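Report on the following structure.
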Amino acid sequence: MTRTRVELGRREDLGADCANCFGLCCVALAFAKSADFPFDKDAGEPCTNLDDQDGCRIHPHLRDRGFAGCTVFDCFGAGQKVSRSTFAERSWRDDPATRTAMFAVFPVVRRLHELLWYLDEAIRLVSGSRDPAPWTSAFDRVRALSDADPETLTALDVDAEYDAARALLVEASEIARSGAVRGGSTAVRAQGSRVRGPGSDLAGAALRGADLRGQSLRGSIAIGADLRDAQLGRCDVLGVDLRGADLSGADLVGAVYLTQPQVNSARGDTRTRLPEGFARPSHWTED
């Protein structure tokens with residue numbers, strides 16, 4: 001954990017390394033019986049599928065057993081950070097005090113690492129056209145916060161950190177999209193009277209073949225949207241809910257602020273083009 005900038009293709013500092021984690025996502029977080037999980041689980045209660053070595057007993061069969069939510073989740077590297085660095089390899093199994101503190105810290109570090117992902121993306125977007133100093137300074141500040149002791153992390157106002165970074169993330173997006181081929185105005189119609197733009201309701205929207213290049217869908221709801229063969233290069237998708245969206249044949253290379261969990265939550269096929277370093281979900285179809 002000595003790198004101050006992520007590297008090695010898949011941004012390994014900010015991607016899950018389950019072999020170096022004490023199964024924190026399987027214990028610290030709660031989930032409710034739904035299409036994503038077959039039963040309720042309280043925060044702090046180990047999942048019944050977690051074995052004594054902090055591995056998942058049914059990992060290859062999660063979707064078949066009703067645990068689709070597990071295949072979507074990504075801790076952005078918070079699991080190994082909290083396990084190996086913040087708590088210096090002390091496990092939640094060791095004593096009650098460590099258990100309580102670790103479960104409180106893990107969600108905080110997860111959100112900080114997600115913010116680091118966005119800031120790292122912003123640095124890449126502005127490099128070559130702007131002095132990246134404001135973005136690298138913000139990245140280094142958040143990175144330092146993520147390295148703090150458990151007491152400091154527990155007391156941290158993570159929402160305030162996101163608020164402080166928001167203007168920089170928006171500016172980087174605007175810089176990147178300003179030079180992109182635009183597929184239309186930033187507020188165009190989709191499925192009748194619904195407007196397509198930041199914060200839009202695009203749940204179930206018919207967007208097959210849509211040219212979304214250079215647009216911003218930041219914060220939109222696109223659950224179950226038909227995005228087959230859509231072009232999303234230089235499209236701002238920060239926070240877009242893509243659960244169940246069909247990305248078959250879509251081109252997401254260059255999509256701004258795209259994350260692996262967004263990809264995991266959607267549907268796609270072998271024709272779907274993903275940015276370098278992204279993993280193709282195992283549940284996607286072959287054609």
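What the table shows:
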item: On Cα atoms only, tilt of 133-146 relative to the major axis of the chain in degrees; result: 30
item: Long-range amide H partners of residue 196 with built H, under 5 Å; result: 188, 189, 190
item: Per residue Cα convex hull volume in Å³ - calculated over the range 1-129; result: 121
item: Helix-only [θ]222 nm of the chain, DSSP H runs n ≥ 4, -39500 (n - 2.57) each, per residue, nearest 500; result: -9500 deg cm²/dmol
item: Difference of contour (0.36 nm per residue) and Cα-Cα distance, residue 276 to residue 178; result: 33.1 nm
item: Length-normalised contact order of the chain in % [C-alpha pairs under 8 Å, at least 6 apart]; result: 12
item: Calculated FRET value between residue 58 and residue 151, using beta carbons and R₀ = 45 Å, to 0.05; result: 0.80
item: Global form of the range 199-274, assessed from the alpha-carbon gyration tensor, a/c cut-off 1.5; result: rounded
item: Between the range 56-101 and the range 32-47, the alpha-carbon center distance in angstrom; result: 14
item: Solvent-free Debye scattering, log10 I(q)/I(0), computed from the Cα coordinates of the range 108-176 at q = 0.20, 0.23 Å⁻¹; result: -0.74, -0.93
item: Distance between modelled label sites at residue 48 and residue 17, nm, 7 Å Cα→Cβ extension; result: 3.3
item: Phi to ³J(HN,Hα) by Karplus 6.51 cos²θ - 1.76 cosθ + 1.60 over the range 218-224, Hz, x for Gly, Pro; result: 3, x, 7, 9, 10, 4, x
item: Where the chain is the region considered: accessible area per residue in Å², 1.4 Å probe; result: 46
item: In Hz, Karplus ³J(HN,Hα) per residue of the range 18-32 (6.51, -1.76, 1.60; θ = phi - 60°; x = Gly, Pro); result: 4, 5, 10, 10, 8, x, 4, 5, 8, 10, 5, 9, 9, 8, 10
item: Approximate shape of the range 57-133 as ellipsoid semi-axes (Cα gyration tensor, √5λ), whole Å, largest first; result: 30, 21, 9
item: Accessible-area value, residue 40, 1.4 Å probe, nucleic acids and ligands omitted, Å²; result: 110
item: Helix 158-178 vs. the chain, principal-axis angle (Cα, 0 to 90°, nearest 10); result: 30
item: Descending semi-axes in whole angstrom, ellipsoid equivalent of the range 62-185, from the Cα gyration tensor; result: 32, 20, 11
item: Whole-Hz ³J(HN,Hα) from phi, Karplus 6.51 cos²θ - 1.76 cosθ + 1.60, for the range 92-107, glycine and proline x; result: 5, 6, 6, 6, x, 5, 5, 4, 4, 5, 5, 5, 6, 7, 3, x
item: Given charges at beta-carbon only (K, R positive; D, E negative), |dipole| of the chain in Debye; result: 880
item: Pairwise label distance in nanometres, residue 127 with residue 286, each label 7 Å out on the Cα-Cβ vector; result: 3.9
item: Answer label, with P(r) over Cα pairs in 10 Å bins from 0, in percent calculated from the coordinates and candidates [x] 6, 28, 36, 21, 6, 2, 0, 0; [y] 7, 26, 30, 21, 12, 4, 0; [z] 6, 27, 33, 25, 8, 1; result: [z]
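The values are calculated or read from the model by the stated rules, or taken from the named source; none is laboratory data. Everything numeric in this text was worked out from a predicted model, so none of it was measured. Cβ atoms come from the backbone with ideal geometry, glycine included; neighbour counts cover every protein chain shown. Quick note on the areas: whole protein, heavy atoms, side chains included, nothing else; ligands and nucleic acids left out. Shrake-Rupley method; radii C 1.70, N 1.55, O 1.52, S 1.80 Å.
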